[in-house]
1. What residue, among those in segment 7-37 that are charged (D, E, K, R) and either at positive phi or at pLDDT 90 or above (or both), is surrounded by the fewest Cβ atoms within 10 Å (Cβ to Cβ)?
2. What pairs come out if I take residues in segment 10-21 that are within 15 Å of Pro33 (Cα to Cα) and pair them with residues that are surrounded by 13 or more Cβ atoms within 10 Å (Cβ to Cβ) whose C-beta lies under 9 Å away, six or more apart or interchain?
3. Which number in (1) charged (D, E, K, R); (2) part of a helix (DSSP H, G or I); (3) at pLDDT 90 or above marks the one condition that Asp4 misses?
4. Return the residues of segment 48-74 that are at pLDDT below 85 and either open to solvent by less than 70 Å² (accessible area, probe 1.4 Å) or assigned to a helix (DSSP H, G or I) (or both); say none if nothing qualifies.
5. Does segment 38-47 contain at least one residue that is at pLDDT below 90, exposed (fewer than 10 other Cβ atoms within 10 Å of the Cβ) and out of contact with any Gly (no Cβ under 9 Å at 6 or more places or on another chain)?
Amino acid sequence: MPKDCMVSSGEALAALPTAVFVERWRIITGEPPAVLLSSRAAMLALLVDSVPLPPLLPPVPTWDRLAPGDRTDR
């Protein structure tokens, strides 16, 4: 791969046109950003930090998910 084609994600984010960044922000959040910071990476970090973490629920084993009539007789 040519060296000029290899860019970091931060450089790619900075090279993204403002209109495209705002459009993609709107796709993620449902609204445009209230302010545009000088660093788009900082904006994304704030967005990630502001999203609440969902509760961690342990997986339910398959045999516990079966309805009483779904079990097979042996």
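The values are calculated or read from the model by the stated rules, or taken from the named source; none is laboratory data. The structure presented is a predicted model; accordingly, all values stated were derived computationally and were not measured. All Cβ positions, glycine included, derive from the backbone under ideal geometry; neighbour counts span all protein chains shown. Remember, those area values only see protein heavy atoms, side chains included, never the ligands or the DNA or RNA. Shrake-Rupley method; radii C 1.70, N 1.55, O 1.52, S 1.80 Å.
1. If we filter segment 7-37 for residues that are charged (D, E, K, R), which is where we start, we get 11, 23-24, 26, 31.
In the following step, the residues that additionally are either at positive phi or at pLDDT 90 or above (or both) were identified as 23-24, 26, 31.
Working: Glu23: 11, Arg24: 11, Arg26: 12, Glu31: 8.
Per the stated criteria, the residue is Glu31.
2. Thr18/Leu36; Phe21/Leu13; Phe21/Pro33; Phe21/Leu36; Phe21/Arg40; Phe21/Met43
3. (3) is the only condition that Asp4 fails.
4. Pro61, Thr62, Trp63, Asp64, Arg65, Ala67, Pro68, Gly69, Asp70
5. Looking for residues that are at pLDDT below 90, exposed (fewer than 10 other Cβ atoms within 10 Å of the Cβ) and out of contact with any Gly (no Cβ under 9 Å at 6 or more places or on another chain), one finds at least one in segment 38-47, hence yes.
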